[in-house]
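See below for the structure under consideration.
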Amino acid sequence: MHVLVAADWHVIWQRIFHPGNVFARALWATVYISVVSQVLGVALGLVAALMRMSSIPPLRWISGIYVWIFRGTPLLVQIFFIYTTFNTPSFHFGSLWSIPAEATTGILALSINEGAYMREIIRAGIDSIDRGQMEAAKSLGMRYGLAMRRIILPQAARVIVPPLGNEFNNMMKNTALIYTIGVYELFNDADQNYSAALKSEYFVAVAFWYLMLTTVWTFIQAYIERRLAVSERGEELSFRERLQAAWNPTAAWFGSGRR
Amino acid sequence: MTDVVMHAENVHKSFGKLEVLKGISLEVLKGETVCIIGPSGSGKTTFIRCINHLEKMDSGRIEVNGQLIGYRQRGDRLVEDSERNIARQRTQIGMVFQRFNLFPHKTALQNVIEAPVHVLGVPKDQAIGLATALLGRVGLADKVDTYPGKLSGGQQQRVAIARALAMGPTLMLFDEATSALDPEVIGEVLSVMEELAAAGTTMIVVTHEMGFARKAANRVVMMDEGLIIEEGTPEHFFEAPRNARTKQFLSKIL
């Protein structure tokens, strides 16, 4: 308790209510790195899932080795390996948004890692769809790709989206790791302020900002899931019920103790 | 021989060590309704699934409208055809499944227009016109915007029939289309099938409904243990079957 009483509340207050430009850049970096990495991770996971279900054995093996390695080694090790091995380009979109080279490295590492987790989630989603759906689509003259896109994946999405939302929650927090390769994001910003003032309150303030991001995401996730709800199967839950489920203490306790 | 729609020759198929089809040969003419009956495990369903290549066969050949299905002739051997060609061949073979297999995320109308629009490239408004007419024909004009989950089994199966018909198939396959239905709704599906038969649709029907076979079939085929053991008109079948196993089967089921 002593520590809390002695806390420099002014620092926390300033960081939360009067964030400066530099901070805003760091917050934006965390957001876009999370979103881009998650989108690429889903795409990679989809490709790997389809490879896993392919009738061509080498494709299945490649997919298996990919998941084996990237789920079986620490993300931080992967980040350092990719940082020290590959030269990544920087990207510039007008004067408003540019992605520095080290952020590209971070995105690369995060999305490759994420793809390994997404593969399992997407595969489970596709597996959950009755085999008769693919047969019906084929009997109507649909080819594999069309049947996947129009029939199987839209149904699998309902199974995929809830765990995908949890993945994104993890992703936003995992972006803190790429501070180690010099990406200027939320945690890096906090650490630099800490180094200058040696006040651990900066970490309290940054924790608050991460909490804001994940909380906003909880609302967005509940909204998306409601839109996808299976109205035709009578399984629709209200927005409030979904939020309750998301905040259910037992779900928080047992639901995502993965990393 | 232009009026032969389906021609099967010596079709063999095994699942592992179990030989389910031991040489099936069958010809179905244009406008004919052929019912395939027989005890479960006799290979009826496997055979009908071979006709649109949902099941690969081990040997033999199946032609629909003179076109080899699922395979290409290479010298004296058959090799599996490309996915593109198989898909194109399936567009002319409609199939109705035991468990309906409607797309649950699409309404009745969307189920019916899906393949015409995205496979055949029919303009959407034209497809909607056709689908509305077909749903009317199966008695579901008031259910076009309903999702399958809100339809009874009989209604779902009628949507499935409309969905298959929307492709304008030259051959319709029914794989135990009424076996998963509650008794009180079997009639509504059978009457749609009877109408189709009467309108001259070429149909191959795997069924346990002897009443339907008697009323609507031009020909009845009895399968047992992977072979066709008797074939003839409904009159012949239900009044004077020759084969002992046919007699035994019919006495059990009638």
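See the values below:
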quantity: Whole-number accessible area per residue in Å² for the stretch B:49-160, which is evaluated in the context of all protein chains at 1.4 Å; calculated: 44
quantity: In order through the stretch B:98-113: 3J(HN,Hα) via Karplus (6.51 cos²θ - 1.76 cosθ + 1.60), integer Hz, x for Gly, Pro; calculated: 4, 9, 6, 6, 5, 7, x, 8, 10, 5, 3, 4, 5, 4, 6, 7
quantity: Long-range HN-HN contacts of residue B:32 with modeled amide H, under 5 Å; calculated: B:203
quantity: DSSP-defined antiparallel bridges as percent of all bridges, chain B, nearest 5; calculated: 60
quantity: Cα convex hull volume per residue for the stretch B:130-177 (Å³); calculated: 75
quantity: Net dipole in debye of the stretch A:134-203 [+1 Lys, Arg Cβ; -1 Asp, Glu Cβ; about Cα centre; nearest 20]; calculated: 640
quantity: Across A:138/B:17; B:150/B:215; B:17/B:44, pairs whose alpha-carbon gap is larger than 22 Å; calculated: A:138/B:17; B:150/B:215
quantity: Sequence-distant residues sharing a close amide H with residue B:122 (under 5 Å, placed H); calculated: B:117
quantity: Rh (Kirkwood; distinct C-alpha pairs) - the stretch B:1-120, Å; calculated: 15.9
quantity: Positive-end extreme of charge dipole, chain B - chosen from B:237, B:157, B:82 (charges on Cβ); calculated: B:82
quantity: Cβ charges +1 (Lys, Arg) and -1 (Asp, Glu), total dipole of chain A, debye; calculated: 720
quantity: Heavy-atom accessible surface of the protein assembly as shown: percent carbon and sulfur, 1.4 Å; calculated: 58
quantity: Cut-off under 5 Å, modelled amide H: who pairs with residue B:96 long-range; calculated: B:173, B:174, B:175
quantity: Alpha-carbon gyration tensor eigenvalues x 5, square-rooted, for the protein assembly as shown, Å; calculated: 60, 25, 20
quantity: Estimated FRET transfer efficiency (residue B:56, residue B:231; beta-carbon r; R0 22 Å; 0.05); calculated: 0.30
quantity: Cα pair count fraction exceeding 23 Å, expressed as % - chain A; calculated: 61
quantity: Positive-end residue, chain A charge dipole about Cα centroid, Cβ charges, pick of A:33, A:196, A:181; calculated: A:33
quantity: Kyte-Doolittle at least -1.0, axis length at least 24 Å by Cα - qualifying DSSP helices, chain A; calculated: A:21-52, A:101-127, A:153-174, A:201-228
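The values are calculated or read from the model by the stated rules, or taken from the named source; none is laboratory data. Remember, it's a predicted structure, so these values are computed and weren't measured experimentally. Here the Cβ is made from the backbone with ideal geometry for all residues, glycine too, and neighbour counts use every protein chain on show. We work out accessible area using only protein heavy atoms, side chains counted, and drop any ligands, DNA or RNA first. Shrake-Rupley method; radii C 1.70, N 1.55, O 1.52, S 1.80 Å.
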